[in-house]
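Since every read-out is calculated from the coordinates, none of them should be taken as a lab result. All values derive from a computational prediction rather than experimental measurement. Cβ coordinates were reconstructed from backbone atoms using ideal geometry, including for glycine residues, and neighbour counts include every protein chain displayed.
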Amino acid sequence: MSKKNHEMDQSVLDLDTSAGLNRRSFLKMLAAASAAGAIPQLAFAADDEFVLANWGGTAEKAVMEAFADPLKKKTGLSLVVDGSGAMAGKVRAMEEAKNVNWDVMDIDLGNMAQLGTAGFAEEIDYSIVDKSKVLPGLATRWGVGNYLFSYVFAVNEKKVKGPVPKTWADFWNVKDFPGKRALPGISTGTLEAALLADGVEPAKLYPLDVDRAIAKIKQLTPHCVFWKTGAQSEDLLRQGEVVASLMWSNRAVVVRRDVPGITWTWDNAILCSSSWGVPKGNPAGKAAAMKFINLSLDPASQAKVFAIVGMSPSNPAASALIPTAERQYNATAFADKQVQQNEAWYAEHGAAAEAKYVKAIAS
């Protein structure tokens, strides 16, 4: 890649579409990046785009391959993916600036509840979206479960010098289990892992003691790097910059396919659901967003997403389509070993916890 293309690529990765950039300008910038070779796979139509925000890397490929053609056939809209990270803070900033660029976003149900309560999200229209296609509890007022995943710590055993960490306490113990670590730049999942490492019993995890968790995280900060996107979490482990990473299980699956020696355990992993949510006043219109959400629940499409990026299906019918050899990577198959994330706690306390966490890791 040329220096010019690298700079363009960085401008897209660092793009904050929430401030001072309208939808047309945003799409023009993405188109310019594509023309420069930074995003060669995207095609652009003038005013018939449907922008999906997710967490980048292989997930961009997965949603394009699974959903672009069905969306075009159903609505006439062309799918465009913004993989810079569907963070709740970006949504708030867009809404407050009355400058919404996304049509649908890949975001956890707890954050969707926060955004909906604040008036920043459209309610799901279940006259269009078939809630019977998702697992119980994943069809909520403001979000529909699109896939499940777990927060796990993945280890590159070929890079470990000494014993391999097996528990959250081991992950935090850099003295007996040396090597650089990676943590998410978001609080979700990280707070739970820190408390488990500090000796809190899984059954007594909620309500989360945020201050205790942050104190534990601070202990690890000198020995870790923080990732901002799923793609970055993959790269840190793949390139050997860290020996162990707290990351999404689906991203660990992707790295394991590329790098021999990547392992993780499902024991006391934190099982979560992500969801499709719709920002209030999305440019393509609420009806188009609901049609997209409904078509995304198709079992074959969800099985395709799992095959590409390891995201466990929210539609139980899709799990039956996963090849037997790949079922060891399906997070929902090991639910009995894991801690179920309490999305109701995040709906009430998540915004304050996130603010504390971001401040702590920045200092």
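Could you tell me which of rounded, prolate or oblate describes the range 41-142, using a ≥ b ≥ c as the square roots of the eigenvalues of the alpha-carbon gyration tensor, with rounded for a/c under 1.5 and, failing that, prolate when a/b is larger than b/c and oblate otherwise? It is oblate, given that a/c is not under 1.5 and a/b is not larger than b/c. What chymotrypsin sites (Phe, Trp or Tyr not before Pro) does the range 85-183 have in DSSP loop regions with at most 15 other beta carbons within 10 Å? In loop regions of the range 85-183 (DSSP not H, G, I, E or B), the sparsely surrounded chymotrypsin sites (Phe, Trp or Tyr not before Pro) are Tyr126. Taking every C-alpha pair closer than 8 Å and separated by at least 6 residues, the mean separation divided by the residue count of the range 208-363 gives a relative contact order of 26 percent. Between rounded, prolate and oblate, where does the range 246-363 land on the alpha carbon gyration tensor, with a ≥ b ≥ c its root eigenvalues, rounded for a/c under 1.5, else prolate if a/b exceeds b/c? In terms of gyration-tensor shape, oblate. Sequence-distant contacts, meaning Cα pairs under 8 Å at least 6 residues apart, place the relative contact order of the range 148-215 at 26 percent.
Convex hull over the alpha-carbon atoms of the range 214-310: what's its volume per residue in Å³?
Numbers: hull volume 15.1 nm³, N = 97.
Dividing the Cα hull volume of the range 214-310 by its residues yields 156 Å³.
On the basis of the beta-carbon distance and an R0 of 25 Å, Ala203 and Asn173 show a calculated FRET efficiency of 0.60.
About the Cα centre of the range 69-212, what is the dipole size in debye to 20, counting +1 per Lys and Arg Cβ and -1 per Asp and Glu Cβ, all else neutral?
Working: 18 positive and 19 negative charges, 110 e Å.
For this selection, approximately 520 debye.
If you take the charge dipole of the range 135-265 about its Cα centre, with +1 on Lys and Arg Cβ and -1 on Asp and Glu Cβ, which of Val225, Ile186, Leu148 is farthest toward its positive end? Sorting the options by dipole projection puts first Val225.
Compactness ratio for the range 115-214: Cα radius of gyration over 2.2 N^0.38 Å (N = residue count) comes to 1.46. When all alpha carbon pairs of the chain are counted in 10 Å bins from zero, the resulting P(r) reads 5, 25, 35, 26, 9, 1 %.
With contacts taken as Cα pairs under 8 Å and at least 6 residues apart, the chain reaches a relative contact order of 24 percent.
Quarter the surface of the alpha carbon convex hull of the range 195-235 and you get the mean projected area, 3.8 square nanometres.
The antiparallel fraction among DSSP beta bridges confined to the chain stands at about 60%.
When the chain is described by a simple charge dipole with +1 on each Lys and Arg Cβ and -1 on each Asp and Glu Cβ, the residue from Ile262, Ala88, Ser273 located farthest towards its positive end is Ile262.
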